[in-house]
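What follows is one structure encoded as C-alpha cells, with my remarks underneath.
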Amino acid sequence: MSKGYDVVVIGAGPGGYIAAIRAAQHGMSVACIDEWKNKDGKNAFGGTWLNAGCIPSKALLESSELYHRARHEFSKHGISTGDVSMDVAKMQRRRAGIVRQLTGGIGGLFRAAKVDGLVGHGKLLSDKKVEFTPVDGDPEIIDSKHVILASGSGPIELPFAKFDGETIIDSWDAIELDAVPARLGVIGAGVIGLELGSVWSRLGSEVTVLEAMEDFLFMADRDVAKVAAADFKKQGLDIRLGAKVTSATVGKTGVRVDYEDKNGAQSIEVDKLIVAVGRRPYTDGLFADDAGIQIDERGFIVVDDECRTRVKGVYAIGDCVRGTMLAHKASEEGTMVADLISGESAEMNYDVIPSVLYTNPEIAWTGKTEEQVKASGRAYKTGTFPFAADGRAKAMEQTSGMVKIISAEDDDEILGVHIVGPMAGELIAEAVLALEFSASTEDLQRTIHAHPSLSEAMHEAALAVDNRALNYPNK
Ligand SMILES: Cc1cc2nc3c(=O)[nH]c(=O)nc-3n(C[C@H](O)[C@H](O)[C@H](O)COP(=O)(O)OP(=O)(O)OC[C@H]3O[C@@H](n4cnc5c(N)ncnc54)[C@H](O)[C@@H]3O)c2cc1C
C-alpha cells in the first residue's frame with residue numbers, strides 16, 4: 001500500500017524533528033523517518049544532538065564541573081566536604097536518564113503535533129517518492145509533495161588512527177566511557193575535543209591535546225583565545241599546538257601517538273585516544289542515483305540560501321549541508337524550510353549564529369572577530385570589560401574572562417561580541433538579539449541591566465567602546 005504525505009522528513013535530529021513539527025503546525029500531513037540506534041540497540045529520535053552530542057556532553061560537563069568545584073572551590077566559601085569522590089557509573093546513569101527522557105519527549109511532541117514518527121531507513125527515490133524500510137519490516141514506498149533531507153553528520157576517521165571503539169575512540173565513545181582513563185589523548189583542539197578533554201581532566205585524567213594548527217581556537221577572536229588558553233593551562237590541560245599526528249599504535253600498555261612539531265618527531269603514550277578532528281556530512285544510502293541530488297567535493301548536499309536542492313520540492317538542512325555544524329543552525333533551517341513550504345516567506349540570518357564552547361571558562365561569540373573586521377577594511381572601535389570587575393562574577397568566584405564588543409566607527413553598529421567567562425553561553429543571547437536588530441553600542445549602553453548580574457559586563461563593555469565604562473578605568 002502506498003502512503004502519501006505533504007512532507008516527509010528523513011532524519012529526526014534537531015534539524016529534522018523541528019522541521020516536521022513546524023510543517024505540521026502549518027496544517028500539513030507529515031512523516032519523519034529516523035534510524036538512529038543507541039549502543040543498547042534501541043532506536044531513539046533526536047539524532048547526534050540528543051543521543052551522542054550536545055545534551056549528553058553537557059550533562060557530563062555539568063557533573064564534572066560540580067565535582068571540580070567541590071574539590072577546589074567549596075573551601076573558599078567556607079564549606080568543608082571531607083573527601084569528595086566521583087561515582088562514574090552514577091554520573092553516566094544520570095546522563096543516560098536525561099537522554100532517555102528527552103528522546104522520549106520527541107515521540108510525545110510528534111504525537112501531539114500529529115507527525116507520524118517512523119522508525120527505520122528512508123531513501124529518496126526519483127519524483128519525491130521515499131522508500132521507507134521499517135526496522136522490522138519490508139520496504140514500502142511513500143509519496144510526498146515535499147521532502148526534507150536532514151541526515152546529519154558523523155565523525156571523521158583518520159586513516160592512521162582508525163577507531164576501534166575501545167582504545168582509539170570517537171566523541172560518542174568518549175561520552176560513554178565507564179571509567180576515568182589515567183592518561184587521555186585528544187587529537188583536535190576544537191569545540192568537541194576541548195569539551196570532552198575538560199570533562200575527563202576534571203575527573204582526574206592527565207589530558208594531552210594535540211592540535212595541528214599553530215593558532216589556538218583559530219575561529220575565535222584572538223583576545224578571547226588568549227584568555228582561554230591561559231585558563232586551560234592553569235587547569236592542567238596540556239594543549240600542544242602545531243602538533244601533526246602521524247600515527248597511533250595500540251600496544252599492551254596503551255596507545256603510542258607519534259606526531260611532528262617544530263622541534264621534530266615526538267611521541268606520547270596514553271590509555272585512550274579521542275579523535276575529534278571534525279565531522280563529515282552523513283548521506284550513506286540517503287538517495288538513489290536517479291534522485292537528482294547533487295553532492296559537493298566534501299560530501300555536502302548542495303543547496304541554495306533557502307536550503308533548496310536542485311530537485312524542486314526537495315530541501316536539505318543541518319549538518320548535511322554547508323555552514324556551521326550546530327544544532328541551533330539545523331533547527332532554524334528546519335523552521336525556515338517548513339515555513340517556505342507552507343507558502344510563508346522566511347529567511348535565515350547566517351551572520352549572527354552564536355557559537356559556544358561549554359568549557360570553563362565558557363566561550364561564546366556572535367558576528368565578526370576583530371581580525372575579520374580589520375580584514376574587511378571597515379573602521380571600528382572596541383570595548384572590553386573584565387568579569388573581575390563584575391560584582392556577581394565575584395560573588396560566584398568566577399572572575400576570569402571578559403566581554404568584548406566591536407562596533408563600526410561610522411554608525412556605531414555592533415559588528416561582533418565575544419565573551420570568555422562565566423555563563424558566556426547564556427549571556428551571548430543578548431548580543432545575538434542586538435545584532436539581529438542591527439543595534440548600536442548606544443542601544444546597549446541605554447538598556448537597563450539588572451544589578452548585580454553578569455549581564456552588566458555586557459553593558460559596561462558597550463560603554464567602554466566610547467571610553468565611558470563606569471566601573472573600570474577606560475583606555
Ligand atoms: C560531542 C558533540 C557535542 C556537540 N555539542 C554541541 C553543542 O553544544 N551545541 C550545538 O549546537 N551543537 C553541538 N554539536 C553538534 C550537533 O550535535 C549537530 O550540529 C546537530 O546534531 C546536527 O543536527 P542534524 O539534525 O543536522 O543531524 P543529526 O543530529 O546528526 O541527526 C540526523 C539523524 O538522521 C538520521 N538519519 C541519517 N540518515 C538517515 C536515513 N537515510 N534514514 C533514516 N534516518 C537517517 C540519523 O540516524 C540521525 O538520527 C555537538 C556534536 C557532538 C558530536
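The numbers here are math on the coordinates, done by the rules we state, and not lab data. Please read these numbers as outputs of a predicted model, since none were measured by experiment. As a convention, Cβ positions derive from the backbone with ideal geometry for all residues, glycine included, and neighbour counts pool all protein chains shown.
Extension gain ARG100-ASP305, at 0.36 nm per residue separation less the Cα-Cα distance, in nm?
Working: separation 205, 0.36 × 205 = 73.80 nm, distance 3.45 nm.
Here the answer is 70.3 nm.
Which length gain, in nm to one decimal place, applies between THR324 and LEU433 when the Cα-Cα distance is subtracted from 0.36 nm times their residue separation? Display every interim value, and only then the final one.
Numbers: separation 109, 0.36 × 109 = 39.24 nm, distance 1.91 nm.
Result: 37.3 nm gained on full extension.
Each residue of the stretch 318-324 in order: what ³J(HN,Hα) in whole Hz does its phi give by Karplus 6.51 cos²θ - 1.76 cosθ + 1.60, θ = phi - 60°, with x for Gly and Pro?
Karplus values, whole Hz, x for Gly and Pro: x, 5, 7, 10, 3, x, 5.
Between their Cα atoms, which of LYS39/LYS90; LYS39/LYS129; LYS233/LYS272; LYS226/LYS381; LYS39/LYS162; LYS233/LYS262 are more than 26 Å away from each other?
Working: LYS39/LYS90 18 Å; LYS39/LYS129 31 Å; LYS233/LYS272 21 Å; LYS226/LYS381 20 Å; LYS39/LYS162 19 Å; LYS233/LYS262 20 Å.
Checking Cα-Cα distances, LYS39/LYS129 exceed 26 Å.
Would you please give the FRET efficiency between ASP136 and LYS114, computed as 1/(1 + (r/R0)^6) with r the Cβ-Cβ distance and R0 = 30 Å, to the nearest 0.05?
Values: r = 24 Å, r/R0 = 0.79.
It comes to 0.80.
Given the stretch 183-284 reduced to its alpha-carbon atoms as identical point scatterers, what log10 I(q)/I(0) does the Debye formula return at q = 0.23 Å⁻¹?
Relative scattering, expressed as log10 I(q)/I(0), comes to -1.28.
By DSSP, what percent of the beta bridges with both residues in the chain are antiparallel, rounded to the nearest 5?
Working: 53 of 87 bridges.
Once the DSSP bridges in the chain are tallied, antiparallel ones form about 60 percent.
What does the extension gain come out to for GLU73 and ALA265, with contour length at 0.36 nm per residue minus their alpha carbon separation? Numbers along the way, then the final one.
Values: separation 192, 0.36 × 192 = 69.12 nm, distance 3.93 nm.
Extending this stretch completely gives an extra 65.2 nm.
I need the calculated FRET efficiency for the pair GLU214 and SER80, taking r as the beta carbon distance and R₀ as 51 Å, to the nearest 0.05. Each step should come with its number before you reach the end.
Values: r = 45 Å, r/R0 = 0.88.
FRET efficiency, GLU214 to SER80: 0.70.
Using Cα pairs under 8 angstrom and six or more residues apart, how large is the relative contact order of the stretch 37-190, in percent? Walk me through the numbers before you get to the answer.
Working: 117 pairs, mean separation 33.5, N = 154.
Rounded, it is 22 percent for the stretch 37-190.
For every other residue with a beta carbon closer than 13 angstrom to the beta carbon of VAL186, add +1 if it is Lys or Arg and -1 if Asp or Glu, then tell me the sum.
On the way: positive: ARG183, ARG240, LYS272; negative: ASP170, ASP173, GLU195, GLU206, GLU211, ASP238, ASP271.
With Lys, Arg at +1 and Asp, Glu at -1, the neighbours total -4.
Can you give me the distance in nm between label points at LYS252 and THR447, each placed 7 Å from the Cα along the Cα-to-Cβ direction?
Label at LYS252, label at THR447, 6.3 nm between them.
Show me the ranking of peptides 76-86, 19-29 by mean Cβ neighbours inside 10 Å, starting with the highest. Display every interim value, and only then the final one.
Numbers: 76-86: 8.8, 19-29: 21.7.
Averaged packing, sorted descending, gives the order 19-29, 76-86.
As a footprinting exposure proxy, order VAL147, VAL135 by other Cβ within 10 Å, with the fewest listed first. Don't skip to the answer; put the middle values down first.
Numbers: VAL147 26, VAL135 11.
So the residues, fewest neighbours to most, are VAL135, VAL147.
For every helix of n ≥ 4 consecutive DSSP H residues, a contribution of -39,500 (n - 2.57) applies; sum these over the chain, divide by its total residues, and give [θ] at 222 nm rounded to the nearest 500 deg cm²/dmol.
Values: 13 runs with 147 residues, N = 475.
Rounded to the nearest 500, the figure is -9500 deg cm²/dmol.
Where the centroid of each part is defined by its Cα atoms, how far is the stretch 274-351 from the stretch 419-445 in Å?
Value for the Cα centre distance between the two parts: 28 Å.
Using the Karplus curve 6.51 cos²θ - 1.76 cosθ + 1.60 with θ = phi - 60°, what ³J(HN,Hα) values do you get for each residue of the stretch 410-419, in whole Hz, with x for Gly and Pro?
Calculated HN-Hα couplings, in order: 6, 10, 6, 4, 6, 9, x, 10, 10, 10 Hz.
For HIS418, HIS449, what's the fewest-to-most ordering of other Cβ within 10 Å of each Cβ? Don't jump to the answer; show the numbers that get you there.
Working: HIS418 31, HIS449 16.
By the 10 Å Cβ count, ascending: HIS449, HIS418.
Which ³J(HN,Hα) values in Hz, rounded to whole numbers, follow from the phi angles of the stretch 217-227 under the Karplus curve 6.51 cos²θ - 1.76 cosθ + 1.60, where θ = phi - 60° and Gly and Pro get x?
6, 4, 7, 8, 4, 4, 4, 5, 4, 5, 4
How high is the FRET efficiency between LEU66 and GLU344 when r is their beta carbon distance and R₀ equals 41 Å, given to the nearest 0.05?
Numbers: r = 44 Å, r/R0 = 1.07.
After rounding to 0.05, the efficiency reads 0.40.
Once you have the alpha carbon radius of gyration of the stretch 75-171, what is it after dividing by 2.2 N^0.38 Å, with N set to its residue count? Don't jump to the answer; show the numbers that get you there.
Numbers: Rg = 22.0 Å, N = 97, 2.2 N^0.38 = 12.5 Å.
Relative to the rule-of-thumb radius for its length, the stretch 75-171 sits at 1.76.
As a footprinting exposure proxy, order LEU158, LEU470, LEU61 by other Cβ within 10 Å, with the fewest listed first.
On the way: LEU158 16, LEU470 11, LEU61 19.
With the fewest neighbours first, LEU158, LEU470, LEU61 line up as LEU470, LEU158, LEU61.
Once you keep just the Cα pairs under 8 angstrom separated by 6 or more residues, what percentage relative contact order results for the stretch 296-419?
Working: 178 pairs, mean separation 20.1, N = 124.
Relative CO of the stretch 296-419 lands at 16 percent.
So what is the relative contact order of the chain, in percent, for Cα pairs below 8 Å that sit 6 or more residues apart? Before the final figure, lay out each step's value.
Numbers: 1035 pairs, mean separation 67.6, N = 475.
This gives 14 percent for the chain.
Considering the dipole of the chain built from charges on the beta carbon (Lys and Arg +1, Asp and Glu -1) around the Cα centre, which of GLY421, PHE132, ALA462 is farthest to its positive end?
Comparing the listed Cα positions along the dipole, GLY421 ranks first.
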